[in-house]
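The structure appears below as structure tokens.
No lab work stands behind these numbers, since they all come straight from the coordinates. Predicted model, so just to flag it, every value in this text is computed and none were measured. As a convention, Cβ positions derive from the backbone with ideal geometry for all residues, glycine included, and neighbour counts pool all protein chains shown.
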Amino acid sequence: MERLGHELKEAGIPPRHEEGHRESGWVLIDFGDVIVHVFSPEKRDYYRLEDLWGKTTPIVRFTG
């Protein structure tokens with residue numbers, strides 16, 4: 001998460017807003033045209049946002 005924020009800042013795209021905490025399992029970062037959701041595996045399984053978004057396609061998905 002820190003790497004993403006650092007690289008986007010270096011590219012001149014600072015975050016506009018950030019919500020959540022790493023400890024909560026979900027962090028949202030608003031970069032204006034792009035919203036980034038960073039989930040723990042447990043929160044990702046619980047919320048299943050891909051199901052809510054229907055046929056949209058994530059641009060980038062990191063799994064670890």
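Normalising by residue count, the chain has a Cα convex hull of 98 Å³ per residue.
Using the average count of surrounding beta-carbon atoms within 10 Å as a protection proxy, the listed peptides 20-33, 2-15 rank, highest first, as 20-33, 2-15.
Between Arg16 and Asp33, the modelled label-to-label distance comes to 1.2 nm, taking each label 7 Å out from Cα in the direction of the beta carbon. Model label sites at Lys9 and Glu23, defined 7 Å from Cα along the beta-carbon direction, differ in position by 2.2 nm.
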